[in-house]
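What follows is a short report on a single structure.
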Number of protein chains: 4
Amino acid sequence: MTAQAVRTGVWFIGARGSVATTATAGCAAIAAGLHPATGMVTETPPFAGSGLPPLSSLVFGGHDTIDCPLPKRAEALAAGEVLPHGLPSAVRAELTAADAEIRIGGPLPGDTRTDEQLITAFVADLADFARRHELARTVVINVASTEPLPQEGDARLPASSLYAAAALRAGCPYVNFTPSTGLRGPALQDAFDSCALPHAGRDGKTGQTLLRSVLAPMFVQRALPVRAWSGTNLLGGGDGAALADPAAAAAKNAGKERVLADTLGTAPEGEVHIDDVPAMGDWKTAWDHIAFDGFLGSRMILQTIWQGCDSALAAPLVLDLARLMARAHEKGLSGPRPELGFYFKDPDGGPAALSEQYAALLAFGERLRGER
Amino acid sequence: MTAQAVRTGVWFIGARGSVATTATAGCAAIAAGLHPATGMVTETPPFAGSGLPPLSSLVFGGHDTIDCPLPKRAEALAAGEVLPHGLPSAVRAELTAADAEIRIGGPLPGDTRTDEQLITAFVADLADFARRHELARTVVINVASTEPLPQEGDARLPASSLYAAAALRAGCPYVNFTPSTGLRGPALQDAFDSCALPHAGRDGKTGQTLLRSVLAPMFVQRALPVRAWSGTNLLGGGDGAALADPAAAAAKNAGKERVLADTLGTAPEGEVHIDDVPAMGDWKTAWDHIAFDGFLGSRMILQTIWQGCDSALAAPLVLDLARLMARAHEKGLSGPRPELGFYFKDPDGGPAALSEQYAALLAFGERLRGER
Amino acid sequence: MTAQAVRTGVWFIGARGSVATTATAGCAAIAAGLHPATGMVTETPPFAGSGLPPLSSLVFGGHDTIDCPLPKRAEALAAGEVLPHGLPSAVRAELTAADAEIRIGGPLPGDTRTDEQLITAFVADLADFARRHELARTVVINVASTEPLPQEGDARLPASSLYAAAALRAGCPYVNFTPSTGLRGPALQDAFDSCALPHAGRDGKTGQTLLRSVLAPMFVQRALPVRAWSGTNLLGGGDGAALADPAAAAAKNAGKERVLADTLGTAPEGEVHIDDVPAMGDWKTAWDHIAFDGFLGSRMILQTIWQGCDSALAAPLVLDLARLMARAHEKGLSGPRPELGFYFKDPDGGPAALSEQYAALLAFGERLRGER
Amino acid sequence: MTAQAVRTGVWFIGARGSVATTATAGCAAIAAGLHPATGMVTETPPFAGSGLPPLSSLVFGGHDTIDCPLPKRAEALAAGEVLPHGLPSAVRAELTAADAEIRIGGPLPGDTRTDEQLITAFVADLADFARRHELARTVVINVASTEPLPQEGDARLPASSLYAAAALRAGCPYVNFTPSTGLRGPALQDAFDSCALPHAGRDGKTGQTLLRSVLAPMFVQRALPVRAWSGTNLLGGGDGAALADPAAAAAKNAGKERVLADTLGTAPEGEVHIDDVPAMGDWKTAWDHIAFDGFLGSRMILQTIWQGCDSALAAPLVLDLARLMARAHEKGLSGPRPELGFYFKDPDGGPAALSEQYAALLAFGERLRGER
């Protein structure tokens, strides 16, 4: 069996969402040479020898609770200018194949299954997927809508934790690209700490927080105290609607604020708003306003306006993580991977400044070198 | 003689300008405990043991070709909200003392002195300053208005190079905080390369370029190709008027573009404008517009708006450089100091990303440790 | 008695706040020739013959529930760069005189007086003020902090309505420059409709809404449908703290949204945030993001960033209103004055577009002409 | 013959450019009910009875010096997201028909024809077009790239004036939607003044200047003096390249500045830049920075960022003008039409504020009512 023949599964929680659809379609397009691998750090020269699985070897599947077929979902994204026109038809075969590997998730409304029954069902789906495709391994990645912050005293695990538990029980590396609980809750604390599988999280760093992770260190390094850091995000699409729920927005904002607090040493004044603006579709505008002090108390201001498409920012990072985690598993690494803080708002340790996170990522790429 | 008694000269080319006045007044205010040392990296903990001369040991003087007294200049800056109200009167004694140490520079309009005569006169001024104040050493810092780009075939040295040559001849460490030629011209190439004194330059990195030096690496690290980077700077004050001269603006812009080209690997599309807007006074607004590509060719935009006071941004850096160069001289270091790229748009080598420049600066601080 | 000798009272509810202090100090400064009448429409040529009371004839007093002396309040505003340095001392006499005319308002915490008792006390204060200064008339202007939206079923009148009722009972023209209830509640409906005195409101149009009242008509006139209009306001000072109360913010936002709904015909998507950012002091930044459709459904965006000082924007409008209402009273006009919609977010009728409101104001100036 | 059967010609100078292509394709799409008439003021209710020619009655043709077929040009615009995907194929028949009516313009490189010969040729093209299509009239509209400002002493007429002269000689109403000379030069002064045909110009007001024409009156009406008004435009496409020529940019900027000078009474400080940024394609970003004074000299700033597609902004205005001028001709109106200042940066008289221009346009619509 040649190296090329080894196949790696990528199992999305939220497999019919914008991020998963963009990642699935984009992987096919790049593998076919239709587009360059813009935004994929693992396709840059430093990772050439890291033994990562090729994009053409990835097999996609996942869980979701809605049933819009992937090819149709991709057409909707192309209409909203998230995917290039013509791409959905160019990769229709790959989308159809991935669509056939999406299983119904849970808990559904009215679902009477216990947590344990749900986990068991998810494990069975993962095992079936791996068996039928003869996969060397499957990386499970949560890209579902943000859950509300869990309430203390909840008897049930949040859905994100059910999926995370299933991943570990099925022997799959796990990535939590959302602010949802996943492995972070008290119920899974033991699994988090002592897991024999590699896992990484939490909350993909795609736009406003990415910017914050390079700007905040600048203020620190230049000894310019930040007085207030305020921000507003306008977004539509499913993400905008999900985050219109204050509990979900609170979960999202916790990660954004952590970057500032970790870097600046203390949380500055200022709030972060996430507004659902359906007219924006999948495009997002993020405005940040930073009031800082200069020499002798002079008052200065930096403002940033970031206009991007969240799915297009997230998808290449998700593909990066799938490849890096697959290779980490192959190399026998386990437990939380602080080396991947580059990708997360709320990482499992490691530095908070992007430049240091990038250095850690490069070092991780070095560590992954060697025989496949 | 105690360490405290050792005194260090700081000699400004452009000693009556906004930057020099702000640095002189600010040094006195901070030394007197009236203000925290905001913006001074050398006052942060990593430099506590680097043996830098205390702010209270600095003695100020310089050259200028205008004759507005420093206390009056400081009042004008306070009226323009560059200095805090009340500060000029609080540090009047120190401003008056520095004012008494400002000598007439050159060449003046109609000046018939040769280059050599001018250099000799400047050397004599420096020697006299050092002798009367019993200075251990004097750091010469160019903070004068930007000169026009020199024309090929000019028989005369530009003024900035006359001052630079005088500094070296007088045995003084030299810093060029402007985009002017200073030591960089062909005439002083030998002095630049083999100088027995430490020197550093060129063009202080205060605002828009500071931002560029943290944002450009972000795009590179995230594999997001920058399509176009455009910028407009609005500023009044003397700097705005000086840069309204296209030749001076060209000199200024060369440094700004170098940061992008060095970091991105190639200069992106886009221009940089510097507009003289007298109504802005000493305050500056810089707008940057960055068009970049995302996954699958999606088009994204980042805009930044920086509103600050250039003098207040420059002054703490100038004080940092005076202290670092004095200590480097004390430790016997010589030649160009790429470790100080943190401070410059167009440094004498070293990395282009701010985070790496900061690391190099910290390492330099370590190297300066030891006995005074 | 000459026209010059006629004196007009200006009675501020919230007489120690930023707006009242700025208006009082500014009126004195302009009357003394220290500053031009920037921002005062009633000092422009079209109003030269409208018979408005001269600034030098205005006598200031008011109610407040705090007790910081006006000269001290003015010094604090100068420190925050709301008033020019030196102004508080230049107009100290006028500030001290106004300070002596400020009476304690209510209801205070623990106040056991009934609504009727409070109104009676306020009427007595107004009568005493008018008598001692031999005032021809007194205009009462509410510039106090925004009240929370009244709850249905409240047995008591909100404070703003107590003051409004007192104004009418004392025979004073009344202006509500805040979003608070004032005359608008059901309890005072009869007074609102059939009042023999002129009154005007509600909620001064100083910044973001001013902009909206010129931009929204542009979209309508050009047949460009607005899809979403979102905004964030950052402000410190007392206003920021007051508006951090969601009920107060709701009152404030109702006015902002009315402008859009009235002009566009329907309220577009989008929210308005008001953030308390103490580091901003009395300065405000307002960001607006407008997504609109172009030809053939092309998606376009306009963003505006407004940076100003609310007190400095409000004060000249307040002085304008005092003069216009005094003259209207002199001419025997009564009831709500839709001609003053130029000044309000939520006016008592009239057009919503600023240009039409300006035309109505000019016509009102014409109507006020004639004998004093 | 029914009213419906009357056909009106629209003859574009620059018939293969972005604006003409967008207008031609858009007219077909709207006439076919594929899109609403967004951006067309003449399709709003006030113009319902003005007797304007229906969109379905317009017949397109024109001059150009390039030879890319219109359907192909439209496909390129769709790829750049100026036209909706699918539109070029939906209106292919109409584009092909218009393409067949495009004649080669001039002077071409190396063209030896005299001005008179060129005019004669253009008149013949217009006459042939009208005859073959049995057109009631043809409106000639210049939407070609901006010409450099003419130099004094040029013996030849600029191309825009040749086309304008041809239009008048052929009995066609004429519209100059560009900053080029057209009828405005000294050579055509008599024709301009005493023309028996209606004509209108100059320089379509699509984006930044549109905004300026509503914002500048706001500052005037509120008595807030503008200190400086600066702007930068980033644009690609053919327009960006054409305006990279400083002489063309100067022509363009003259119109932009006229709006401010006319409204504010004097031209404020500040420059306007037009940068060619090919990466922007046909999309434009315009940033404006307005420094203005508030009460007591407080310094305030408004910034605007306008992101739109110039062709999509221009096309509906061009269709409006074609219809209005055709009807004006039918009603026997002649000479310059200051009532159309709503559409132009540099109009033939009339007010400068958009709201007043809109009122004038509505009045013009009233005047056009009556029998066809």
**OP:** Kindly give the distances from A:G171 to its copy-mates, label point to label point, with each label point 7 Å from Cα along Cα→Cβ, as nm values to one decimal ordered shortest first.
**Re:** 7.7, 9.0, 9.7
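Where the only charges are on Cβ atoms (+1 Lys, Arg; -1 Asp, Glu), what is the dipole of the protein assembly as shown about its Cα centre, to the nearest 20 debye?
0 debye
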Original post:
What distance in nm separates the simple spin-label points at B:T120 and A:R113, each placed 7 Å from Cα in the Cβ direction?
Top reply: 9.6 nm
Subject >> At 7 Å out from Cα toward Cβ: B:T120 inter-copy label distances (nm, ascending) >> reply: 8.0, 9.8, 10.2
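Per residue, what volume in Å³ does the convex hull of the Cα atoms of segment B:151-198 enclose? Before the final figure, lay out each step's value.
Details: hull volume 3.5 nm³, N = 48.
That works out to 73 Å³ per residue.
Would you mind getting the Kirkwood hydrodynamic radius of segment B:208-308 from its Cα pairs, rounded to one decimal in Å?
Working: mean 1/r = 0.0707 Å⁻¹.
About 14.1 Å for segment B:208-308.
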Original post:
Across the Cα atoms of the protein assembly as shown, what radius of gyration and what greatest pairwise Cα-Cα distance (Dmax) are found, in Å?
Top reply: 34.9, 111
Original post:
What is the minimum Cβ-to-axis distance for chain A, in whole Å, where the axis maps A onto B, and to which residue does it belong?
Top reply: A:S355, 2
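Among B:L34, B:L135, what's the order by accessible area (1.4 angstrom probe), most exposed first? Show your work: numbers first, answer last.
Values: B:L34 90, B:L135 25 Å².
The ordering from most to least exposed comes out as B:L34, B:L135.
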Subject >> Spatially proximal lysines relative to D:K256 (Cα-Cα < 20 Å; intrachain offsets below 8 disregarded) >> reply: D:K205, D:K284, D:K345
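Buried accessible area between C and D (1.4 Å probe, both chains summed, ligands and nucleic acids excluded), in Å² to the nearest 100? Show your work: numbers first, answer last.
Details: alone 15850 and 15840 Å², together 27270 Å².
Chain pair C/D: roughly 4400 Å² of buried accessible area.
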Original post:
Taking the C-alpha atoms of segment D:62-184, how large are the radius of gyration and the largest Cα-Cα span, Dmax, in Å?
Top reply: 15.9, 49
**OP:** Compute the signed sum of charges (Lys and Arg +1, Asp and Glu -1) over the other residues within less than 10 Å, Cβ to Cβ, of A:A267.
**Re:** -2
Original post:
In chain B, what % of DSSP beta bridges are antiparallel (nearest 5)?
Top reply: 40 percent
Original post:
segment B:223-369: percent of C-alpha pairs farther apart than 27 Å?
Top reply: 35 percent
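With runs of 4+ DSSP H residues as the only contributors, calculate the mean residue ellipticity of chain C at 222 nm using -39,500 (n - 2.57) per run, divided by the residue total and rounded to the nearest 500. Working shown, then result.
Working: 12 runs with 147 residues, N = 372.
One gets -12500 deg cm²/dmol as the mean residue ellipticity at 222 nm.
Can you give the FRET efficiency for D:A79 and B:C68, using 1/(1 + (r/R0)^6), R0 = 60 Å, r = Cβ-Cβ distance, to the nearest 0.05? Write out the running numbers ahead of the final one.
Details: r = 60 Å, r/R0 = 0.99.
Efficiency, rounded to the nearest 0.05: 0.50.
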Original post:
Cα to Cα, under 15 Å, and not fewer than 8 places away if on the same chain: which aspartates and glutamates meet these conditions relative to A:K252?
Top reply: A:E147, A:D203, A:D239, A:E271, A:D275, A:D276, A:D310, A:D346
Original post:
Of all DSSP beta bridges in the protein assembly as shown, what percent run antiparallel (nearest 5)?
Top reply: 45 percent
Original post:
Which sequence of B:V277, C:V226 reflects their accessible areas, 1.4 Å probe, from the largest down?
Top reply: C:V226, B:V277
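With a cap of 16 neighbouring Cβ atoms within 10 Å, and only residues DSSP puts in a loop, list the trypsin sites (Lys or Arg not before Pro) found in segment C:71-173. Walk me through the intermediate numbers first.
Details: sites: C:K72, C:R73, C:R92, C:R103, C:R113, C:R131, C:R132, C:R137, C:R156, C:R169; in loops: C:R113, C:R156.
Those satisfying the criteria are C:R113, C:R156.
In segment A:208-309, what percentage of the DSSP-assigned beta bridges are antiparallel, given to the nearest 5?
Numbers: 20 of 26 bridges.
Beta bridges within segment A:208-309, antiparallel portion: roughly 75 percent.
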**OP:** Find the all-direction average of the projected area of the Cα convex hull for chain C, expressing the result in square nanometres with one decimal place.
**Re:** 18.4 nm²
**OP:** Using the 7 Å Cα-to-Cβ label point, sort the distances from B:G265 to its equivalents in the other copies shortest first and give them in nm to one decimal.
**Re:** 3.8, 5.2, 5.8
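Sort out the exposed loop GluC sites (Glu not before Pro) in chain B (DSSP loop, at most 15 other Cβ within 10 Å) and tell me the longest stretch that has none.
Numbers: sites that count: B:E134, B:E152, B:E371.
By the stated rule (loop sites, at most 15 other Cβ atoms within 10 Å), B:153-370.
So which DSSP H runs in chain B come out at 18 Å plus along the axis (Cα) with average Kyte-Doolittle of at least 0.0? Could you put the intermediate results ahead of the total?
On the way: long enough: B:18-31 (19 Å, 1.34); B:115-133 (27 Å, -0.07); B:208-221 (20 Å, 0.84); B:246-264 (26 Å, -0.06); B:310-330 (30 Å, 0.51); B:354-367 (19 Å, 0.15).
Membrane-span-like by this rule: B:18-31, B:208-221, B:310-330, B:354-367.
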Original post:
Which percent of the accessible area of segment C:208-309 is formed by carbon and sulfur heavy atoms (probe 1.4 angstrom)?
Top reply: 54 percent
Original post:
Of A:A241, A:L211, A:V41, which is farthest on the positive side of the dipole of chain A, counting Cα position, with +1 on Lys and Arg Cβ, -1 on Asp and Glu Cβ, and the Cα centre as origin?
Top reply: A:V41
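How would A:I290, D:I301 rank on accessible area, largest to smallest, probe 1.4 Å?
From most exposed to least exposed: D:I301, A:I290.
The values are calculated or read from the model by the stated rules, or taken from the named source; none is laboratory data. These numbers were taken from a predicted model, which means no experiment stands behind them. Counting neighbours? That spans all protein chains shown, and the Cβs are built from the backbone with ideal geometry, glycine included. Accessible surface areas use protein heavy atoms only, side chains included; no ligands, DNA or RNA. Shrake-Rupley method; radii C 1.70, N 1.55, O 1.52, S 1.80 Å.
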